[in-house]
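Since the structure comes first, as structure tokens, the remarks are kept for the end.
The values are calculated or read from the model by the stated rules, or taken from the named source; none is laboratory data. Treat the numbers as computed from the prediction; the structure is a model and nothing was measured. Here the Cβ is made from the backbone with ideal geometry for all residues, glycine too, and neighbour counts use every protein chain on show.
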Amino acid sequence: MADQLIFQCRKRLSKAFEVNADLLIPLDRAPVTVLFGPSGAGKTTLLRMLAGLERPDVGSIAFREHAWFDAARAIHLPPQERRAGFLFQDYALFPHLTVAENVAYAAPRQTARELLARFGLSELAASKPRAISGGQQQRVALARALGAAPALLLLDEPLSALDAATRSRMRYELRRMLLAGGVPAIVVTHDRMEAVALGDWMAVMVDGRIRQAGPVEEVFRRPADLQVAESVGVENVLAAEIAGRESGLLVLRVSGQVGEARIQCVDSGETGLVFACIRAEDVAITRQMDRVSSARNRLAGRVRSVMAEGALARVDLDCGFPLVALVTAQSAGELALREGEIVSAVVKATSVHLAAHGAVPTPERRDLQ
Amino acid sequence: MDWQAIWLSARLAASTTAILLALGLPIAYWLAFSPRRWKFLVEALVALPLVLPPTVLGFYVLLAIGPRSPVGALYAKLTGGMLPFSFQGLLLASVLYSFPFTVQPVAAAFAAVDRKLLEVSWCLGVSRAATFRRVIVPLSLRGIATGAILSFAHTLGEFGVVLMVGGNIAGITRTVSISIYDQVEALNYGAAWETSLFLLSISFTVLALTYALQRRAWTVWPIN
């Protein structure tokens with residue numbers, strides 16, 4: 001069997017709600033998988049079934065060569081035999097143990113010492129969990145989980161317990177730590193910026209079902225259906241490099257199949273590879289190619305399709321890379337957009353949201369799906 | 001003062017508490033964490049000595065351990081002795097009588113432990129038994145101490161069950177409370193005064209200690 005996690009399980013939680021999820025994660029190509037969806041979609045239940053903390057009604061779970069659960073063969077491995085490290089939302093550190101004792105809870109002494117040093121916790125070693133900050137608690141929880149040499153890490157809304165400022169700082173930090181840990185991870189989140197910043201692979205869960213799974217940009221760019229589109233919310237996710245900084249703005253280079261485009265956005269200190277996220281309704285379309293305006297970004301693009309969605313029209317543009325604009329049906333009519341025409345897409349610098357991304361996407365990752 | 005009776009009561013109370021801790025902790029664990037629907041029946045059974053007249057409990061115990069009962073016959077075969085009117089018989093009755101005093105506070109303490117801590121431990125590969133020892137017990141020490149103290153104090157003061165099962169044999173089954181009863185019957189009020197005062201002060205100290213334990217250190221009003 002390949003390096004995969006295959007999850008096909010059903011569990012009825014109440015009369016009205018059932019988790020019925022079918023998910024395949026190619027672990028070799030997806031070091032970090034984001035399980036994304038609105039609250040109440042069943043994400044936490046799925047995670048608990050993976051860990052062995054909850055028993056599905058029917059189905060099977062296979063991790064690499066091992067059957068973790070198989071209703072037909074009456075296999076249900078206890079959590080101890082699955083070794084899936086579980087990080088709870090509030091980290092669930094042992095309150096009666098010090099930081100060092102928490103990390104050493106299931107780790108050999110030498111490993112625990114190395115983890116303390118690696119996660120910058122050596123100075124807090126003698127502190128009790130309640131005396132340290134939320135970000136530090138998260139590092140302790142992650143170090144403790146890695147100490148047990150887990151096969152898989154499961155993180156339930158790992159950043160939700162932090163305040164807003166720490167949260168955005170910790171996104172990149174968490175991804176770096178997860179990659180350094182070398183253990184495949186599944187991260188539950190309902191925050192789209194978190195999903196983009198953390199994940200390589202993304203599974204969207206709505207109403208107890210996995211609606212779509214694939215590389216993160218792919219899911220954002222081509223949502224399988226309207227519900228996925230609604231829940232992911234951001235239509236344009238562009239892999240970009242930072243080309244420079246001028247007058248307080250950041251200049252991004254977005255590479256497409258033909259040439260490249262430059263996009264300006266507000267500088268908030270990112271470096272390296274980033275994803276530029278632009279909501280479709282923040283993209284305006286004009287035929288006046290050179291009029292001066294307050295918007296910083298004007299991108300020439302060819303109209304590929306115009307689709308009416310109620311009072312709105314979804315315009316797919318080819319600017320060397322795909323760009324989706326959502327305009328009112330009335331504007332679309334007045335502009336008389338036709339396929340193949342060259343128009344100008346206008347985006348304000350403040351409408352471009354950046355998500356820093358630690359690792360360079362590997363070529364094969366882009367080929368998937 | 002009847003030092004012999006005091007010494008006997010202390011021995012009985014200490015042995016009862018030790019046995020109750022060994023038996024009560026697993027049962028409290030089961031009561032706190034079992035998903036079984038019918039566990040309320042076990043809860044009711046455990047709480048029974050709280051409302052049952054000691055004479056009723058004593059009567060049934062006496063019948064159950066008598067030489068003609070299976071338990072009594074087995075005991076006679078193994079040891080050659082008899083359970084009724086012996087220290088061992090008294091011990092058995094005391095364990096039953098004080099059961100809820102150990103199990104209830106301990107079960108409450110176990111149930112108050114955050115379930116996520118147990119699940120984290122299991123996911124880290126630590127067995128249920130080791131998780132019990134390394135997480136649940138350390139986080140429930142206060143409840144366990146309360147249960148132990150209450151069981152000790154309750155055994156020290158029991159009367160009806162002792163009288164039914166143990167009778168009144170000096171040095172073997174004559175506990176403090178029986179001794180006081182004897183002294184009053186003999187119109188020896190001075191001695192009764194002394195022994196009663198002794199029992200009263202022990203009981204008060206024990207209860208004060210229990211409440212202090214439950215109140216987290218010495219804060220009188222919750223500051224935070």
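Listed values, structure above:
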quantity: Set A:E281, A:E230: member being closer than 28 Å to A:S331 by Cα, modelled with pLDDT under 75 and either assigned to a strand (DSSP E or B) or not β-branched (V, I, T) (or both); calculated: A:E230
quantity: Extreme residue, farthest from A:L35 (Cα to Cα), among residues of region A:145-183 that are touching a Gly at 6+ places or on another chain (Cβ under 8 Å) and within 12 Å of another protein chain (Cβ to nearest Cβ); calculated: A:A148
quantity: Filter pass, B:L57 being part of a helix (DSSP H, G or I) and surrounded by 14 or more Cβ atoms within 10 Å (Cβ to Cβ); calculated: yes
quantity: Region A:121-140, residues that are surrounded by 15 or more Cβ atoms within 10 Å (Cβ to Cβ), closer than 16 Å to A:M170 by Cα and of a type in the set (S, T, N, Q); calculated: A:Q136, A:Q137, A:Q138
quantity: Residue that is surrounded by the fewest Cβ atoms within 10 Å (Cβ to Cβ), among those in region A:56-66 that are in a loop (DSSP other than H, G, I, E, B) and out of contact with any helix residue (DSSP H, G or I) (no Cβ under 7 Å at 6 or more places or on another chain); calculated: A:E65
quantity: Selection within region A:135-153 - within 22 Å of the chain's Cα centre (by Cα) and either closer than 18 Å to A:P31 by Cα or not in a helix (DSSP H, G or I) (or both); calculated: A:L142, A:A143, A:A145, A:L146, A:P150, A:A151, A:L152, A:L153
quantity: Condition met for B:P54 (within 19 Å of the chain's Cα centre (by Cα) and more than 18 Å from B:T146 (Cβ to Cβ)); calculated: yes
quantity: Only one of A:A325, A:A355 that is at pLDDT 85 or above and surrounded by 20 or more Cβ atoms within 10 Å (Cβ to Cβ); calculated: A:A325
quantity: Condition broken by A:A203, with the remaining ones in (1) surrounded by fewer than 21 Cβ atoms within 10 Å (Cβ to Cβ); (2) touching a Gly at 6+ places or on another chain (Cβ under 9 Å) satisfied; calculated: (1)
quantity: Among the residues listed as B:V106, B:V51, B:V46, the single one being without any contact (Cβ under 8 Å) to a residue 40 or more places away in the chain, more than 30 Å from A:R82 (Cβ to Cβ) and either of a type in the set (V, I, T) or within 14 Å of another protein chain (Cβ to nearest Cβ) (or both); calculated: B:V51
quantity: Answer from B:S94, B:S98, B:S86 - the residue that is modelled with pLDDT under 90, of a type outside the set (K, R) and buried (at least 20 other Cβ atoms within 10 Å of the Cβ); calculated: B:S86
quantity: Residue list for region A:1-22, filter: more than 15 Å from A:R55 (Cβ to Cβ) and more than 24 Å from the chain's Cα centre (by Cα); calculated: A:M1, A:S14, A:K15, A:A16, A:F17
quantity: Selection within region B:126-138 - buried (at least 20 other Cβ atoms within 10 Å of the Cβ) and at the interface with another protein chain (Cβ under 10 Å from one of its Cβ atoms); calculated: B:V126, B:V135
quantity: Residue identified as part of a loop (DSSP other than H, G, I, E, B) and either at the interface with another protein chain (Cβ under 7 Å from one of its Cβ atoms) or among the aromatic types (F, W, Y) (or both) among A:F94, A:F86, A:F69; calculated: A:F94
